[in-house]
Amino acid sequence: MELNTIISRLARLPKWLLLAGCLLLAFSLGVLDYITGDFSLMMFYLLPIYLASWFIGRGPGLAISLLCGAELFTTNVLHSPGGFSQLGLRAWNSLMEVFFLGFSSYLLSALKSELTLHKKLAFTDPLTGLLNRRSFYELADYELRRTSRYERKLTMVFIDLDNFKAINDTFGHDRGDRVLKTVAVTIREALRSSDVVARFGGDEFAVLLPETGEEAPQALAKLHSRLTKALAHLEGQVTTSIGAVTFRFSPASVEEMINLADRLMYEVKHGGKNQVKHVVRGEDSSSLSRAS
């Protein structure tokens, strides 16, 4: 079995089960360490500590390291041949081992936190928390292949904010960031958890609605209405221009989906802004809905 497979399976286990396993392993090592006497098993104590630190968290990792350290200390003291000097030496060595185990746990949990943060930054937009362009392409490609395999419909949506530059110029970039965050939250709340939402950069957002065909106009109307209400509470005259394409049959590529939706969005821009233009690819029908 590959290491990545083992790690992924461990990560899916309930934390309480992992913690119980780490405690059992640490206790078993303590018993074995006492039985073997002077044969050091300190390196084996790192296994339950690393498992707890990596898969459960910093607190459980430190707790397991203290337990292992206490077992090491007890074993060393009980195996002391006698005499204060010998006992003191073993106690000192045990304390150093406890420090080493605790520090190892801290370093591993800190490394896991950093890796998690970098992974998140690599796949999400730091301002809005939405997916970034790279992540959107990857998930959209997966949905495209799934749609092609099962012959299902999907809808691609491209959103651009109208008059957004005036917000930055008039009120500053902090106010502009507030607008972008509001838009991101509104889009996310208006859609299903299975829908893919990303910030493409600047004031552009992309949305992929898997398994969405006939119900696309209603979903788009709901989205545009929610955005209009959310932006009405903010300073400035920011509105949204939305282009959307429903594919009855799987398109050739993600790039084709995005380009078609982007083209429709620009048609809205040139046609007066603050509208939704939706077409169905694969049949001779289209619709243009205006904001009320």
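The values are calculated or read from the model by the stated rules, or taken from the named source; none is laboratory data. Everything numeric here is computed off the predicted structure, so don't read it as measured data. Cβ coordinates were reconstructed from backbone atoms using ideal geometry, including for glycine residues, and neighbour counts include every protein chain displayed.
Scanning the stretch 194-219 for residues that are surrounded by 15 or more Cβ atoms within 10 Å (Cβ to Cβ) and either of a type in the set (Ser, Thr, Tyr) or closer than 21 Å to Asn163 by Cα (or both) turns up Ala198, Arg199, Phe200, Asp203, Glu204, Phe205, Ala206, Val207, Thr212.
Screening the candidates Ala11, Ala63 for the property of being at pLDDT 85 or above and assigned by TED's automatic domain parsing to the domain that holds Ser113 yields one hit, Ala63. The residues in the stretch 215-271 that are among the hydroxyl-bearing types (Ser, Thr, Tyr), touching a His at 6+ places or on another chain (Cβ under 8 Å) and closer than 28 Å to Arg175 by Cα can be counted, and the count is 1.
Just one residue in the set Asp162, Asp169 is over 18 Å from the mean Cα position of the chain (by Cα) and in contact (Cβ under 8 Å) with a residue 24 or more places away in the chain; that residue is Asp162.
All of Gly30, Gly21 fail the test of being surrounded by 12 or more Cβ atoms within 10 Å (Cβ to Cβ), in contact with an Asp or Glu (Cβ under 6 Å, 6 or more places away or on another chain) and either at pLDDT 80 or above or not assigned by TED's automatic domain parsing to the domain that holds Arg58 (or both), apart from Gly30.
Would you check which residues across the stretch 88-124 are among the aromatic types (Phe, Trp, Tyr) and modelled with pLDDT of 75 or more and list them?
Across the stretch 88-124, the qualifying residues are Phe99, Phe100, Phe103, Tyr106, Phe123.
The number of residues in the stretch 44-78 that are over 27 Å from the mean Cα position of the chain (by Cα) and outside any helix (DSSP H, G or I) comes to 0.
Does Ser53 satisfy being within 15 Å of Val98 (Cβ to Cβ) and of a type in the set (S, T, N, Q)?
no
When the stretch 150-175 is filtered for residues that are out of contact with any strand residue (DSSP E or B) (no Cβ under 8 Å at 6 or more places or on another chain), of a type in the set (A, V, I, L, M, F, W, C) and at pLDDT 85 or above, the ones remaining, listed by number, are Phe164, Ala166, Ile167.
When the strands (runs of 3 or more DSSP E) confined to the stretch 176-292 are screened for residues that are assigned by TED's automatic domain parsing to the domain that holds Tyr137 and of a type in the set (Gly, Ala, Ser), those reaching at least 2 such residues are found at 196-201, 239-247, 285-290.
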